[in-house]
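Undergrad: One structure follows; several queries about it will come next.
The values are calculated or read from the model by the stated rules, or taken from the named source; none is laboratory data. All values derive from a computational prediction rather than experimental measurement. FYI the Cβ positions are ideal-geometry reconstructions off the backbone, even for glycines, and counts take in every protein chain you see. SASA here: full protein model, heavy atoms, side chains in, ligands and nucleic acids out. Shrake-Rupley method; radii C 1.70, N 1.55, O 1.52, S 1.80 Å.
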Amino acid sequence: MSLLLSALVAATSLCPPEAFAAGQKQSAHTKKKKKAKAVKKPVAAPVSDYYTGEFVNFGQWKEVQGFLDEMVARHGFARSELDSLMSKVRFLDSVVQLVKPAPPGKPKNWQVYSSRFIEPIRINAGVRFWNEHADTLARAETLYGVPAEILVGIIGVETIYGRDTGRFRVLDTLTTLAFAYPVTPNRDARMAFFRGELEATLLYARQTGTDPLALQGSFAGAVGMPQFMPSNILKYAVDFDGDGRIDLKNSPGDAIGSVAAFLVGHGWQRDQPGPIVYHATVSPARAWERYLDLGLAATVPPEDLTGAGIVTTSTLPGGMLYGLVDLQNGLEPTEYWVASNNFYAITQYNRSYFYAMSVVELGRAVRLTRAGS
């Protein structure tokens, strides 16, 4: 997923109810028209038809025209080809609804969140994925220094090992969010982000000879088993299966290698000693509170954490920096963990403690289940 996406985006279904309902209405309308003929069974519409959206003539929007001018000036695209392409792009209201912030006041709940990911379907699918691709996972671990269980955890959390890679046309999604993002305090920044991703999509399609309208992904524009945003495909995706092309949707090898490359590109340290996270208890004196909300980076020496009344289940290796992670549980007590640099590398995949901990816990559960089977 994009680095800027929230945990809510990561956890939301790739087949949203609103979009599915719209598709059901479309399908019902189609059947009604064909009822008189009833000679053959109606053929089910392709999945992508549920998300065709509505025509709004994006090409006439001033902001879109400016974007297309930039693509011509900066990258040498033919304006006539871009105009033709934009005439086929559709507005997706379901996407606009899905990226709206959650209503205020609902408390965060780690136990509820994690139960969506640390569950039998993903664990068993993870065991099968690991068994089928053990050699590739081992090769990625050797080359990049990222443990197989972390790679398995990310791909499992993202798409259940390729089962749910998304049913939206990426071009529709990114154009909608780049130029019709809902009104929020960070609207300008988000629109700029999605314009950048739209630019990356067009560049990627041109480089690979791909029809940009054929690309499908999540409601935020993420693609393939590892749910890479288009800009991250350009930066970090690798041909790890050696077939001469990068295919994040159909090649588990490319997905595995690309996730490992992404983590290394965001600070993963091969030789970091000890576990990624340490369970912790905190002192009633609450001097440790100053170490909360310091951002998504390890910045605190271990002796400072200890001095503030934070006690971990095992001794923190010296010579490293750490961070204090709070996993809120609604009305239940908050869990506290001390996180190493590599935990924060995972948060660069999705900027959320909940997300990173789900990756760690799912990977661990798959490893243990596999070892015991």
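Undergrad: Give me the dipole magnitude in Debye, nearest 20, for the chain about the Cα centre, with unit charges on the beta carbon: positive for Lys and Arg, negative for Asp and Glu.
TA: 1800 debye
Undergrad: Apply the Karplus parameterisation 6.51 cos²θ - 1.76 cosθ + 1.60, with θ equal to phi minus 60°, to every residue of segment 200-208 and state each ³J(HN,Hα) to the nearest whole Hz, in sequence, with x for glycine and proline.
TA: These are the phi-based 3J(HN,Hα) values: 5, 4, 5, 5, 4, 4, 5, 5, 9 Hz.
Undergrad: Let me spell out the model: positive unit charges on the Cβ of Lys and Arg, negative unit charges on the Cβ of Asp and Glu, origin at the Cα centre of segment 268-373. What dipole size does that give, in debye rounded to 20?
TA: Dipole size: approximately 360 debye.
Undergrad: On the accessible surface of the chain, probed at 1.4 Å, how many percent belong to carbon and sulfur atoms?
TA: Values: 9590 of 17860 Å².
With neighbouring chains kept in place, the figure for the chain is 54 percent.
Undergrad: Once amide H atoms are built 1.01 Å from N in the peptide plane, which residues 5 or more positions from F228, or in another chain, come under 5 Å H to H?
TA: V223
Undergrad: I need the peptides 334-346, 79-91 ranked by packing, meaning the mean over residues of other C-beta atoms within 10 angstrom, with the highest value on top.
TA: Numbers: 334-346: 21.9, 79-91: 15.3.
Ranking the peptides 334-346, 79-91 by packing returns 334-346, 79-91.
Undergrad: So between D271 and A297, what do we pick up on full extension, going 0.36 nm a residue minus the alpha carbon distance?
TA: Gain in length upon complete extension: 7.6 nm.
Undergrad: If you average the sequence gap of Cα pairs under 8 Å that are 6 or more apart and divide by the length of the chain, what percent do you get for the contact order?
TA: Across the chain, relative contact order equals 21 percent.
Undergrad: Mind checking which of I276, L321, A261 is farthest towards the positive end of the chain's charge dipole, using Cβ charges of +1 (Lys, Arg) and -1 (Asp, Glu) about the Cα centre?
TA: Projecting each Cα onto the dipole axis, the largest value belongs to A261.
Undergrad: Here is a follow-up. Given axes a ≥ b ≥ c from the Cα gyration tensor, I'd like to know whether segment 66-123 is rounded (a/c under 1.5), prolate (a/b larger than b/c) or oblate.
TA: prolate
Undergrad: Quickly rank 64-74, 210-220, 146-156, 96-106 as a protection proxy: mean count of other C-beta atoms within 10 Å, highest first.
TA: Result, highest mean Cβ count within 10 Å first: 146-156, 210-220, 64-74, 96-106.
Undergrad: May I pose another question? Can you list the HN-Hα couplings for segment 103-108, worked out from phi with the Karplus curve (6.51, -1.76, 1.60; θ = phi - 60°), rounded to whole Hz and with x for Gly and Pro?
TA: These are the phi-based 3J(HN,Hα) values: x, x, x, 7, x, 5 Hz.
Undergrad: What pairs in K62/K106; K88/K108; K100/K249 have C-alpha atoms more than 29 Å from each other? Before the final figure, lay out each step's value.
TA: On the way: K62/K106 38 Å; K88/K108 40 Å; K100/K249 27 Å.
Those over the limit are K62/K106; K88/K108.
Undergrad: If you roll a 1.4 Å probe over the heavy atoms of the protein chains, what accessible area per residue do you get for segment 234-308, in Å²?
TA: On a per-residue basis, 49 Å².
Undergrad: Relative to the Cα centre, what is the charge dipole magnitude of segment 128-280, using +1 at the beta carbon of each Lys and Arg, -1 at the beta carbon of each Asp and Glu, and rounding to the nearest 20 debye?
TA: 440 debye
Undergrad: Shape call for segment 105-255 from the C-alpha gyration tensor, a ≥ b ≥ c root eigenvalues: rounded (a/c under 1.5), prolate (a/b greater than b/c) or oblate?
TA: oblate
Undergrad: What FRET efficiency comes out for N57 versus D243 if R0 is 41 angstrom and r is the Cβ-Cβ distance? Round to the nearest 0.05.
TA: 0.55
Undergrad: Right, something else. Could you tell me whether segment 310-373 comes out rounded, prolate or oblate from its Cα gyration tensor? Rule is a ≥ b ≥ c as square roots of the eigenvalues, rounded for a/c under 1.5, then prolate if a/b exceeds b/c, otherwise oblate. Mind dumping the intermediate values first?
TA: Details: a/c = 1.40, a/b = 1.20, b/c = 1.17.
Taking the square roots of the gyration eigenvalues as a ≥ b ≥ c, segment 310-373 is rounded.
Undergrad: Between V96 and E335, how high is the FRET efficiency from 1/(1 + (r/R0)^6) when r is the Cβ-Cβ distance and R₀ = 41 Å? Nearest 0.05.
TA: With a Förster radius of 41 Å, E is 0.75.
Undergrad: Once phi is turned into θ = phi - 60°, what whole-Hz ³J(HN,Hα) does the Karplus curve with 6.51, -1.76 and 1.60 give for every residue of segment 275-291, x standing for Gly and Pro?
TA: Result, rounded to whole Hz: x, 6, 9, 10, 5, 9, 10, 10, 6, x, 5, 6, 5, 6, 4, 5, 9.
Undergrad: How far apart, in nanometres, would the label points at H75 and S87 be if each is projected 7 angstrom from Cα along the Cα-to-Cβ direction?
TA: 2.1 nm
Undergrad: Starting from the 7 Å offset along Cα-to-Cβ, what nm value, one decimal, do you get for the label separation of T315 and T208?
TA: Distance between the two pseudo-spin positions: 4.9 nm.
Undergrad: What is the distance, in nm, between label points placed 7 Å from the Cα along the Cα-to-Cβ direction at L368 and at R290?
TA: Output for this residue pair reads 3.6 nm.
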